[in-house]
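Here is the structure we will look at, set down as structure tokens.
The values are calculated or read from the model by the stated rules, or taken from the named source; none is laboratory data. Model, not experiment: these values are computed from the prediction. Positions of Cβ are generated from backbone atoms using ideal geometry, with glycine treated the same way; all protein chains shown enter the neighbour counts. These accessible areas exclude ligands, DNA and RNA; they are computed on the full protein's heavy atoms, side chains included. Shrake-Rupley method; radii C 1.70, N 1.55, O 1.52, S 1.80 Å.
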Amino acid sequence: MNRNDLCYNHPFVTSTVSSHSGSPNIPASLEKLRLDGYLSSKNIAHASNDFGNIYHHMPSAVLYPKSVSDISSTIKHIFDMGSTSDLTVAARGHAHSLQGQAQAHQGVVINMESLKQEMYFHKGEFPYVDVSGGELWINILHESLKHGLAPKSWTDYLYLTVGGTLSNAGVSGQAFRHGPQINNVYRLEVVTGRGELITCSESQNADLFYGVLGGLGQFGIITRARISLEPAPLMVKWIRVLYSDFSTFTKDQEHLISSEDTFDYIEGLVIKNRTGLLNNWRSSFNPKDPVQASQFNSDGKTLFCLEIVKYFDPEETAKKIDRLLSDLSYIQSTLFLSEVSYAEFLDRVHTSELKLREKGLWDVHHPWLNLQIPKSRIHEFAEIVFGKFLTDSSTGPILIYPVNKSKWNNKTSMVTPDEEIFYLVAFLSSAIPYSTGKDGLGHILNQNKRIVDFCETALLGVKQYVPHYTTQEEWQTHFGPQWDVFVRRKSQYDPFAILAPGQRIFQKARAFS
């Protein structure tokens, strides 16, 4: 079948493409696909941006698919051109990549949110939901709650697409128990770099299944996923306490994630030079002892916050929480509690987003740095980074919490440190536009580089999460022993390196042998 036949058999009568004179025109080879419609330059510019707001690569076209065949036909057409074309394809979710990973310079960006597919719920012994790869997790939450169900593992922010988080890992405070989101998937439908639509699972096309999970979009675009569900709680007890000693803080965190009878969500934060901290909590939390809490002074201290949640059972939650808290060594006067709905807790970051949007502080630079640090080196890391590098935590939250490696499936493409317990540490900074001070983009990027350089020089065995590298040698070091498998999968499922060029792992127009 020649290209003209392919285009004739797969007309894009339900799709739209946008281009404008400010970027390269849609290549003649793509015009043959009969993509109808012409949208404003605003759509092209939008596809050259992301949440990081640091990299801006202009595509040649943006596809708004109405069916999976729109996606497969586009990729198949580009694949058939082989190495004679330098066109690439990037799947764009809700654009929360940080360093241009969802961008395609002079290529095609596929807006996955346009792929509307109905959710299908199964309520049997092992409940699940089938959803589009472009579906937002917040929508899955609301729909699954109508059935008394919910996914087991989450991200802190829910306005992300299924395909986007499963291409990385998808982590939050439930990961110590259920593993990341990629551990809670039964089946995928994937369009490979050859344009083939393949259904895969642990028992069917398993190599592709495990490759795509955590595969950074390198082997295929997730068009549908079957997500494991569990009975959903209605309410949660949401608790915050503080520590001044890092060793005590980590000891308690590690105790909690290693216990059978424990909380349902466990995360931590590093707080430095934040005044009036407990007063800020009072808008959402109630102190267990108001008098003691009012006498606590946080000024100038480096503090560590343990944030924990227990899903609510009216008959036993209160006693169980008291018993679990009695094993911990936090500062007693800093115990704050709140009782909220399960949905309200999971969607907590969106509440903060709305407040930041009102102040014009959401669509700014987000030079985030996410690290995974072995338990054996976390104290060394903290001593240098929290003790010497960081002067305050005013540019954004600094998360730190441990997870159990045994809950992470080592068959996926996701790489983790080589220890049973490792810490997720996330520097979630927001840079003030045009600032040249400590809250400016330049300073934060330099600080991130200083942290990464220290980790490498000290041989801490750190792995980046949502990694960003500029050379293949760095990627090879990142994947370590898994690199050969990663390259083999690339050669098998995307031999012309069409997919996800923004990751900068493989060069386009080079077929893999």
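Values computed for the structure shown
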quantity: Rounded to the nearest 10 Å², the accessible area of MET414 at probe 1.4 Å; calculated: 20 Å²
quantity: Gyration tensor verdict on region 72-111 (Cα atoms; rounded if a/c is under 1.5, prolate if a/b is larger than b/c, oblate otherwise); calculated: oblate
quantity: Gained length - GLU202 relative to GLN106, 0.36 nm times residue gap less alpha-carbon distance; calculated: 31.0 nm
quantity: In order through region 427-444: 3J(HN,Hα) via Karplus (6.51 cos²θ - 1.76 cosθ + 1.60), integer Hz, x for Gly, Pro; calculated: 9, 9, 7, 10, 9, 6, x, 6, 6, 10, x, 5, 9, x, 4, x, 5, 5
quantity: Helix 348-358 axis, angle to the chain major axis (alpha carbon atoms, nearest 10°); calculated: 80 degrees
quantity: For region 176-265, alpha-carbon Rg over 2.2 N^0.38 Å; calculated: 1.54
quantity: Cβ-placed point charges (K, R +1; D, E -1), dipole of the chain about Cα centre in debye, nearest 20; calculated: 740 debye
quantity: Largest-first principal axis extents, alpha carbons of region 451-504, Å; calculated: 37, 22, 16
quantity: Cα-based helix-to-principal-axis angle, 246-258 vs the chain, degrees rounded to 10; calculated: 70 degrees
quantity: Enclosed volume per residue, in Å³, of the convex hull spanned by Cα atoms of region 59-127; calculated: 133 Å³
quantity: Length added when fully stretched, GLN117-ASP313, from 0.36 nm per residue minus Cα-Cα; calculated: 67.1 nm
quantity: Compactness index (Cα Rg / 2.2 N^0.38 Å), region 410-480; calculated: 1.30
quantity: When the convex hull of its Cα atoms is projected in every direction, mean area for region 343-397 (nm²); calculated: 5.6 nm²
quantity: Over region 298-410, volume per residue of the alpha carbon convex hull, in Å³; calculated: 199 Å³
quantity: Additional length obtainable on full extension of the chain from GLU260 to SER338, 0.36 nm per residue less Cα span; calculated: 25.7 nm
quantity: Spin-label model distance (nm) - GLU474 vs PHE126, 7 Å beyond Cα toward Cβ; calculated: 4.0 nm
quantity: Separation in nanometres of the label points that stand 7 Å from Cα toward Cβ, at GLN295 and ASP245; calculated: 2.1 nm
quantity: Helix 317-326 axis, angle to the chain major axis (alpha carbon atoms, nearest 10°); calculated: 70 degrees
quantity: Trypsin sites (Lys or Arg not before Pro) within region 264-363: DSSP coil, no more than 12 neighbouring Cβ in 10 Å; calculated: LYS359
quantity: Label zone at VAL452, where the point sits 7 Å out along the Cα-to-Cβ direction: region 358-388 residues whose backbone N lies under 15 Å; calculated: 366-372
quantity: Those aspartates and glutamates that a straight Cα-Cα span of less than 17 Å connects to LYS319, excepting residues fewer than 8 apart in one chain; calculated: GLU260, ASP261, ASP264, ASP327, GLU339
quantity: For the chain: relative contact order, % (alpha-carbon pairs under 8 angstrom, 6 or more apart); calculated: 16 percent
quantity: Between region 293-367 and region 145-220, the alpha-carbon center distance in angstrom; calculated: 28 Å
quantity: Kirkwood Rh, Cα atoms: Rg over Rh of the chain; calculated: 0.98
quantity: Length-normalised contact order of region 136-198 in % [C-alpha pairs under 8 Å, at least 6 apart]; calculated: 27 percent
quantity: Computed label-point distance, nm, for sites LYS355 and LYS407 using a 7 Å Cα→Cβ extension; calculated: 2.7 nm
quantity: Total charge dipole magnitude, region 224-291, about the Cα centre, Cβ charges on Lys, Arg, Asp, Glu only, Debye to nearest 20; calculated: 440 debye
quantity: Descending semi-axes in whole angstrom, ellipsoid equivalent of region 233-315, from the Cα gyration tensor; calculated: 23, 18, 10
quantity: Residue-averaged [θ]222 nm for the chain, counting only DSSP H segments that reach four residues, each worth -39500 (n - 2.57); calculated: -8000 deg cm²/dmol
quantity: Residues in region 119-150 reached by a label modelled at TYR159 [backbone nitrogen below 19 Å; 7 Å Cα→Cβ]; calculated: 134-143
quantity: Rounded Å value of the spacing that divides the Cα centres of region 379-428 and region 231-264; calculated: 16 Å
quantity: Rounded accessible area of HIS46 (nearest 10 Å², 1.4 Å probe); calculated: 110 Å²
